[in-house]
Amino acid sequence: MNDSNAIRYRLTPFDPAGHRLQVQMTIPAPVRQGQILRLPAWIPGSYLLRDFARHVLTIDARCKRRKIDVQKIDSHSWRCAPCTGALTVIYTVYAWDLSVRGAHVDQSHAFFNGTSVFLQAQGQEIAPCLLTLEPPPASAVKAQSWKVYTSLPPAPRHKLPASGFGRYFAPDYDALIDHPVEMGTPISARFTVNGAAHELVFTGQIPNLDLSRIVQDVARICAAQMALFEPDACTESATESAPGFAPFLDSARRYVFLVMVTEDGYGGLEHRASTALMTSRRSLPTLGQAKSAALADYQTFLGLVSHEYFHTWHVKRIKPAAFAPYNLQRENHTRLLWVFEGFTSYYDDLMLLRSGRITLDDYLKLLAKTISQVHAGCGRLKQSLADSSFDAWTRFYKQDENAANAIVSYYAKGALVALGLDLLIRQQTQNRRSLDDVMRLMWQRFGKNFYRGRPQGIAEEAMPALILAATGVDAADFIARYVDGCEDVPLADLLAAANPGIKLRWQAAQSAPVLDARVRMQNNQTLLAAVQEGGAAHRAGLSAGDALVALDGLRISDEDSLKRLLAAYQAGDAVTLHVLRRDELRTFTLTLSAPALSACVLERD
Ligand code: ZN
């Protein structure tokens with residue numbers, strides 16, 4: 001690397017109480033006509049325009065000690081007046097977004113994604129970047145005990161101190177924004193999988209966290225995923241100095257799980273050598289707790305870990321052509337999110353099973369839940385999976401009260417398509433091939449050499465040919481019907497044909513009659529949250545947002561009281577409902593429905 005053309009950044013959480021970060025950026029050779037600086041409009045992996053630039057509070061530029069004019073030219077960009085010589089830009093960023101997508105700073109920690117804090121010098125996107133991370137002022141926090149946690153590698157020939165505050169290196173801007181950073185006093189542990197280094201980092205107060213149990217479980221999940229993609233390169237004899245193959249070793253020294261723990265948080269975002277996660281306190285095991293205790297919530301956490309780690313291969317390396325490279329200034333449309341989020345959603349829980357973290361019965365329950373979820377909404381009969389992927393930006397990420405009637409999830413139905421393809425391939429090849437072969441072919445063809453030579457993504461129409469090449473199975477008709485069309489994946493038939501010894505049936509989730517609407521509480525009011533198209537509430541004229549007051553003259557005080565009242569009736573009975581809409585009392589006559597057979601059950605023969 002030639003240090004002299006590197007863009008330098010120096011980041012300081014200078015005002016933790018005010019949630020402010022300061023960044024000093026130096027561009028050695030600014031564009032002559034006036035350097036344009038910009039922040040991404042979105043963060044890869046989360047398909048919504050977020051306009052991170054709105055959190056930039058102040059921005060100043062200097063060249064040879066002279067102040068340079070800086071003008072905002074669109075929602076995300078600034079233009080500096082022309083200058084010759086190195087351009088230094090100093091700006092402050094407000095960081096109070098507690099999510100995996102943004103930046104969050106207070107007296108206890110600092111977390112940020114590069115998309116929130118690092119301006120890009122337009123036209124210099126491929127220049128190397130040097131980043132200096134500085135601690136907050138000692139007066140603002142107990143700074144001397146803060147440490148840095150990130151997958152970003154140290155600058156060449158630079159030895160980082162134990163605290164991690166020092167110089168880091170990224171080969172280009174895309175790499176710089178793909179390694180989130182945590183600073184503070186988290187609980188952490190390091191471990192190796194096939195000789196490849198990993199680190200788990202938990203921020204937040206978690207009394208008696210059973211870290212060794214988590215390390216053991218996460219390591220087994222990581223090993224199962226490495227064995228899926230690179231079965232020959234995973235050896236017990238690998239060491240940290242000679243590790244087996246792991247995709248993140250191309251861009252980092254170790255893989256880092258950055259976990260923010262809150263009361264009821266949930267979410268994750270994938271990066272090339274790390275992931276940012278949010279999870280609830282109750283999802284984590286504590287010391288002395290029986291192995292079986294709180295299993296469901298812990299399974300959810302492990303499923304999230306598994307999901308984001310899988311993305312290290314699938315979406316960070318194997319990508320749709322539309323993401324190679326990303327356009328960070330606008331939406332990047334692709335009809336393939338069902339492959340990237342759907343297949344990942346299929347494999348996340350499957351990897352818990354393969355790594356022995358959950359039993360087959362647990363796995364079947366998780367799968368049945370996904371099947372029930374997909375079938376709950378009639379939006380699946382209107383929007384195809386390919387269209388759901390394409391419209392992620394404006395529909396999946398902007399869901400309203402009508403979502404279940406209007407759209408289908410490329411995560412959940414995508415997982416069912418993956419299961420259906422897996423069953424189809426296994427049946428047609430007498431179990432000699434499976435979806436694993438498709439994953440391995442995509443990895444070898446598109447992912448493995450992504451950082452060597454010209455990155456290539458998967459073309460929009462390429463999946464049938466890839467499946468055929470990997471397995472010999474013609475899935476064109478399957479994809480035409482269940483991905484490009486709106487048909488339900490016929491899982492009961494596919495299970496019967498592939499004969500894995502598992503049967504699918506449907507049962508009612510309850511016995512009492514129903515309104516065919518979802519209810520939620522708000523300000524002590526029982527509100528209709530969503531009304532099922534064609535159901536009892538819809539036919540009666542009720543609407544999402546209506547506040548339920550009384551059923552046949554008896555007060556509805558909350559969701560439970562509604563359930564108790566309904567239990568006295570039978571399907572087909574007509575009831576009178578009093579509701580408030582826009583503060584006006586209205587009366588509706590509703591004919592109660594029989595509960596639908598909406599709960600999927602998967603059973604072993
Ligand atoms: Zn995902």
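Quick grid of which residues meet (1) open to solvent by less than 60 Å² (accessible area, probe 1.4 Å); (2) over 26 Å from TYR168 (Cα atoms); (3) within 16 Å of the ligand (Cβ to nearest atom); (4) at pLDDT 95 or above:
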| site | (1), (2), (3), (4) |
| --- | --- |
| GLU236 | no, yes, no, no |
| GLU240 | no, no, no, no |
| GLY244 | yes, no, no, no |
| GLY267 | yes, yes, yes, yes |
| GLU270 | yes, no, yes, yes |
| LEU277 | yes, no, yes, yes |
| PHE301 | yes, yes, yes, yes |
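Determine if segment 498-506 includes at least one residue that is among the hydrophobic types (A, V, I, L, M, F, W, C), over 30 Å from ASP387 (Cβ atoms) and in contact with a helix residue (DSSP H, G or I) (Cβ under 9 Å, 6 or more places away or on another chain).
Within segment 498-506 (the criterion being among the hydrophobic types (A, V, I, L, M, F, W, C), over 30 Å from ASP387 (Cβ atoms) and in contact with a helix residue (DSSP H, G or I) (Cβ under 9 Å, 6 or more places away or on another chain)), the answer is yes, since at least one residue qualifies.
Condition test on VAL575, is it at pLDDT 95 or above, under 41 Å from the mean Cα position of the chain (by Cα) and among the aliphatic types (A, V, I, L, M)?
Against the criterion (at pLDDT 95 or above, under 41 Å from the mean Cα position of the chain (by Cα) and among the aliphatic types (A, V, I, L, M)), VAL575 does not qualify.
Within segment 433-445, does at least one residue satisfy the condition of being buried (at least 22 other Cβ atoms within 10 Å of the Cβ), closer than 23 Å to PRO247 by Cβ, away from the ligand (no atom under 16 Å from the Cβ) and acidic (Asp, Glu)?
Taking every residue of segment 433-445 in turn, none turns out to be buried (at least 22 other Cβ atoms within 10 Å of the Cβ), closer than 23 Å to PRO247 by Cβ, away from the ligand (no atom under 16 Å from the Cβ) and acidic (Asp, Glu).
Go through segment 279-299 and give me each residue that's away from the ligand (no atom under 16 Å from the Cβ) and under 16 Å from the mean Cα position of the chain (by Cα).
If the condition is that a residue be away from the ligand (no atom under 16 Å from the Cβ) and under 16 Å from the mean Cα position of the chain (by Cα), then SER280 is the only one that fits.
Condition check ((1) more than 16 Å from the ligand (Cβ to nearest atom); (2) open to solvent by 50 Å² or more (accessible area, probe 1.4 Å); (3) of a type in the set (Lys, Arg)) across all residues:
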site	(1), (2), (3)
ARG380	yes, no, yes
SER384	yes, no, no
LYS413	no, no, yes
LEU419	yes, no, no
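Report whether or not SER409 is buried (at least 19 other Cβ atoms within 10 Å of the Cβ) and in a helix (DSSP H, G or I).
Here the answer is no, as SER409 does not meet what is asked.
Can you tell me which residue among SER99, SER116, SER151 is surrounded by fewer than 19 Cβ atoms within 10 Å (Cβ to Cβ) and of a type in the set (Gly, Ala, Ser)?
Residue meeting the stated conditions: SER99.
Quick check on LEU336: is it modelled with pLDDT of 95 or more, within 12 Å of the ligand (Cβ to nearest atom), of a type in the set (A, V, I, L, M, F, W, C) and touching a strand residue (DSSP E or B) at 6+ places or on another chain (Cβ under 6 Å)?
Here the answer is no, as LEU336 does not meet what is asked.
Specify the residue that is farthest from the ligand (Cβ to nearest atom); the eligible residues are those in segment 303-333 that are among the aliphatic types (A, V, I, L, M) and in contact with a His (Cβ under 9 Å, 6 or more places away or on another chain).
This residue is LEU328.
Quick one: count up the residues across segment 538-550 that are surrounded by fewer than 21 Cβ atoms within 10 Å (Cβ to Cβ) and in a strand (DSSP E or B).
Residues that pass the stated criteria total 3.
What number of residues in segment 451-465 are surrounded by fewer than 18 Cβ atoms within 10 Å (Cβ to Cβ) and in a helix (DSSP H, G or I)?
The qualifying residues number 2.
Within the bounds of segment 206-218, is there any residue that is closer than 28 Å to PRO171 by Cβ, assigned to a loop (DSSP other than H, G, I, E, B) and open to solvent by 10 Å² or more (accessible area, probe 1.4 Å)?
Within segment 206-218 (the criterion being closer than 28 Å to PRO171 by Cβ, assigned to a loop (DSSP other than H, G, I, E, B) and open to solvent by 10 Å² or more (accessible area, probe 1.4 Å)), the answer is no, since none of the residues qualifies.
Can you give me the number of residues within segment 303-329 that are free of Cβ contacts under 8 Å to residues at least 40 places away in the same chain and crowded, with 21+ Cβ neighbours inside 10 Å?
Looking only at that region, the number is 0.
Tell me which residues, restricted to segment 38-49, are in a loop (DSSP other than H, G, I, E, B) and open to solvent by less than 40 Å² (accessible area, probe 1.4 Å).
LEU39, PRO40, ALA41, TRP42, PRO44, GLY45, TYR47, LEU48
In segment 421-450, what residues are of a type in the set (D, E, K, R), over 14 Å from ALA496 (Cα atoms) and part of a helix (DSSP H, G or I)?
ASP436, ASP437, ARG440, ARG445
Please find, within segment 65-110, the residue that is farthest from the chain's Cα centre (by Cα) out of those that are of a type in the set (Gly, Ala, Ser) and more than 30 Å from GLN205 (Cβ to Cβ).
Here the answer is GLY85.
The values are calculated or read from the model by the stated rules, or taken from the named source; none is laboratory data. Since we're looking at a predicted model, the values are computed, not measured. Glycine gets a Cβ as well: all are built from the backbone with ideal geometry, and neighbour counts include every protein chain shown. Side chains are part of the model used for accessible areas, which takes the heavy atoms of the whole protein and leaves out ligands, DNA and RNA. Shrake-Rupley method; radii C 1.70, N 1.55, O 1.52, S 1.80 Å.
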